[in-house]
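We did not get these values from a lab; they are worked out from the coordinates using the rules stated. In this text, all values refer to a predicted model and were calculated from it rather than measured experimentally. Virtual Cβ from ideal backbone geometry, glycine too; neighbours counted across all protein chains shown.
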Amino acid sequence: MLINNFIEKIAKDSKTVIADNSIYKIKLINKINKLLQNKDLQPIISKKLLDLRNWSGTYSEILMISFLKDFDFPINLEKNIPREQTLMGINSHALPDIYLDSPYNLYFEVKRFSGVNKELTDNIIREVKKSTCVWNIVANYQYDSFFNKASLAKKEIKELEDAIEKGLSHHNSINYPNLSYTIHKEKKDMTYSVHSHNPYRFAEQFKYYVFNHADQILKERSNILSFVLSPKFNYEFTNLFDAHIGLRSLARRVFMELINDNRKIYELNDKWGNCEIHLSNIAKRITAIVFYIDGLDETDKVYFFQNPNVHKDNQELVGIKQLKMSIDYKKTDIDFYYDNFEFDNY
């Protein structure tokens, strides 16, 4: 019942049909059961499965934990780290999602790679349709543009309403570059989006995405930021570009470009208050960035990008070497790609 309710929630929110005999459903059930059968993992996994409001976060963690469990790594979940051991020191504690015990000593923070663009434009269009008689508004934007200022949504709604009142059939956003709307007055509900993409533009636009979780960065331990991309909650970035090119370019920008960005983090996002930590210091503390691509009925892929310029206190070179050796030695049904930028660290 626990697993069925979880899968039903995925199907409902992703507006997809998950057939009982589909490869995808069988794979997912096997992953979940594998974790529930482990007495150390079962209590936390069961609790997470019950929280259907955050199903996409739980889904992301299940994929990553299951991948690591395939190699019999010593997995601990939600290891409590006191505030004084975090880089920013703004929360009472940090709670890394996964900790691999000795000899690895690796801490993983797992997050879904969120489809913020679609969520934002859907909400804007929904509000405008409530206040106008226009039935069909199409948002045109590039998949790889990052509209990270949700606070501007109210202004965006007002501007789009004004454009409709003026009888315009097209409106270019002032608040969000690369975003425009096509407006039709026929009574046919067809709210959808038209998109384009480029892997290098994607990397440039999303290079600051890793700082969304900067409060979880630890001072003298490894920091492996893990992001899950899945069509079930974020079809915008799945199979749209050469994943290896786009994701490698994003990681490279963090490791080579942002280690020289001396702005303070509150200048990037005011949610960090007056925190004086520099972006360069945070980027240097990231040991590695991992991207997990959910293949659904096809093969899942994991991209592991190691930071060649990581701070000496966050290297954990032995742990990563042991991790890679274990993964290389025991083949699974998931494709694994590793890159440490040995020949293009410039």
Taking H placed 1.01 Å from N in the peptide plane, check which residues at least 5 places from ARG112 or on another chain put their amide H under 5 Å from its amide H. VAL228
Please report, in whole Å, how far the alpha carbons of the chain spread along each principal axis, starting with the longest. 66, 52, 40
For a label point 7 Å along the Cα-to-beta-carbon line of GLN37, residues of the stretch 52-76 with backbone N under 20 Å: 62-76
Note to self, the chain gives a 222 nm [θ] from helices alone (DSSP H runs n ≥ 4, -39500 (n - 2.57) apiece, / all residues, nearest 500) of -10500 deg cm²/dmol
Too long for a 32 Å Cα-Cα cut-off, among LYS79/LYS155; LYS9/LYS158; LYS15/LYS284; LYS129/LYS264; LYS27/LYS219; LYS79/LYS284, are LYS79/LYS155; LYS9/LYS158; LYS15/LYS284; LYS129/LYS264; LYS27/LYS219
Long-range amide H partners of TYR338 with built H, under 5 Å: PHE304
Would you mind listing how long the stretch 3-75 runs along its three principal axes, going by Cα atoms, in whole Å with the largest first? 36, 25, 16
Which residue, SER46, SER131, SER230, tops the fluctuation ranking in a GNM of the chain built on C-alpha contacts under 10 Å? SER131
Over all pairs of distinct alpha carbons, what does the Kirkwood formula give as the hydrodynamic radius of the stretch 210-346, in Å? 16.0 Å
